[in-house]
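Asker: One structure is given below, represented as structure tokens, and several questions about it will come after.
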Amino acid sequence: VITLHEVCARAGDRRIVEHVSFAIGEPGLPALVGPSGCGKSTVMLAITRQLAGPAGGDGIAVDGRIAVLGRDVKDWDPVELRQTVVLVLQEAVMLPGSVRDNLLLPQRVVRPLRTPAERLDDMDKALRRSGLADEVSPRDVASMLSGGQKQRLSIARALMLDPRFLLLDEPTSALDNLAAHAIGDTLRELSARMPVVVVTHALRLAARSDR
């Protein structure tokens with residue numbers, strides 16, 4: 001379970017979010033909805049401790065309590081936390097090289113004990129679960145994929161880390177309607193297995209959520 005209790009964030013004297021409390025535990029597709037700039041992404045970065053330091057990496061201070069699986073996020077090793085709760089950012093950044101490189105290289109860092117056969121099996125499963133198995137080849141150059149395919153490859157890359165929770169920040173904001181619909185289908189299928197939290201201002205995507 002991820003729990004937030006009275007979480008506040010501020011940048012100097014400017015208040016970004018105030019008194020945010022919620023809990024996420026069971027598989028499903030909850031959405032954090034609001035206009036651009038209201039602090040949704042800040043909350044996600046706070047959960048994964050990517051606002052580091054006393055005043056935050058972006059000059060943002062976070063108060064209140066955030067816990068993952070009963071442990072305060074401050075007590076987690078950051079690498080372990082970000083493997084357990086994986087945040088897929090709004091811009092789908094591709095690593096140099098192929099689809100295969102994008103999936104296997106990060107896993108080698110975070111899950112070094114996986115055997116080559118296990119890695120290939122993980123890759124096949126991640127491509128299927130992200131809806132890419134019938135569209136791309138592991139040999140394809142990642143930077144040449146379409147915007148929607150890059151976004152789903154980012155999701156597949158997150159799945160390679162075997163997360164307990166998946167957070168997505170505005171996953172459809174830069175996509176056309178067809179690609180956004182495909183992302184929505186992917187998230188609905190993933191949410192049957194794990195909690196998938198979507199940060200969005202797009203009401204069409206929010207309408208597909210269950211909370």
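The values are calculated or read from the model by the stated rules, or taken from the named source; none is laboratory data. Given the structure is predicted, the values throughout are model-derived calculations rather than measurements. Neighbour counts run over all protein chains shown; Cβ positions are idealised from the backbone, glycine included. Only protein heavy atoms, including side chains, enter the accessible area calculation; ligands, DNA and RNA are left aside. Shrake-Rupley method; radii C 1.70, N 1.55, O 1.52, S 1.80 Å.
Asker: How far is helix 177-190 tilted, in degrees, relative to the longest principal axis of the Cα atoms in the chain, given as a value from 0 to 90 rounded to the nearest 10?
Answerer: Once rounded, one gets 80 degrees.
Asker: May I ask for the angle, rounded to the nearest 10°, between helix 99-110 and the longest principal axis of the chain, with both axes built from Cα atoms and the value confined to 0 to 90°?
Answerer: Once rounded, one gets 50 degrees.
Asker: Counting helices only, and only those DSSP H runs with n ≥ 4, report the 222 nm mean residue ellipticity of the chain as the sum of -39,500 (n - 2.57) divided by its residues, in deg cm²/dmol to the nearest 500.
Answerer: -10000 deg cm²/dmol
Asker: Moving to a separate point now. Just to confirm a number: summing +1 for Lys and Arg and -1 for Asp and Glu over residues other than residue 17 whose beta-carbon lies under 9 angstrom from that of residue 17, what do you get?
Answerer: Once all neighbours under 9 Å are counted, the net charge is +2.
Asker: While we're on this one: What is the percent carbon and sulfur in the accessible area of the chain, measuring with a 1.4 Å probe over the protein chains and ignoring ligands?
Answerer: About 52 percent, which is the carbon plus sulfur part of the accessible surface.
Asker: Ok, one more. At R0 = 25 Å, how high is the FRET efficiency between residue 117 and residue 189 if r is their beta carbon distance? Nearest 0.05 is fine.
Answerer: After rounding to 0.05, the efficiency reads 0.50.
Asker: Could you tell me what percent of the DSSP beta bridges with both partners in the chain are antiparallel, to the nearest 5?
Answerer: For the chain, the DSSP antiparallel bridge percentage is about 60.
Asker: Could you tell me the distance between the Cα centroids of the range 115-175 and the range 2-37, to the nearest Å?
Answerer: 27 Å
Asker: For the range 87-209, what does the accessible surface come to per residue with a 1.4 Å probe? Please give it in Å².
Answerer: On a per-residue basis, 49 Å².
Asker: All other residues with a Cβ under 12 Å from the Cβ of residue 28 taken together, and with Lys, Arg as +1 and Asp, Glu as -1, what is their net charge?
Answerer: +2
Asker: Next question. When a/c reaches 1.5 or more, the comparison of a/b and b/c decides; with that in mind, is the range 157-211 rounded, prolate or oblate per its Cα gyration tensor?
Answerer: It comes out prolate by the Cα gyration axes.
Asker: With angles folded into 0 to 90 degrees, how steeply does helix 147-159 sit against the dominant principal axis of the chain? Use alpha carbons for both and round to 10.
Answerer: 80 degrees
Asker: Can you compute the modelled spin-label distance between residue 146 and residue 124, with each label point 7 Å from Cα toward Cβ, in nm?
Answerer: Result for the modelled spin labels: 2.6 nm.
Asker: Averaged per residue, what accessible surface does the range 1-47 expose to a 1.4 Å probe, in Å²?
Answerer: Ligands and nucleic acids excluded, the result is 50 Å² per residue.
Asker: In debye, nearest 20: dipole of the chain around its Cα centre with unit charges on the Cβ of K, R (+) and D, E (-)?
Answerer: So the dipole magnitude of the chain works out to roughly 120 debye.
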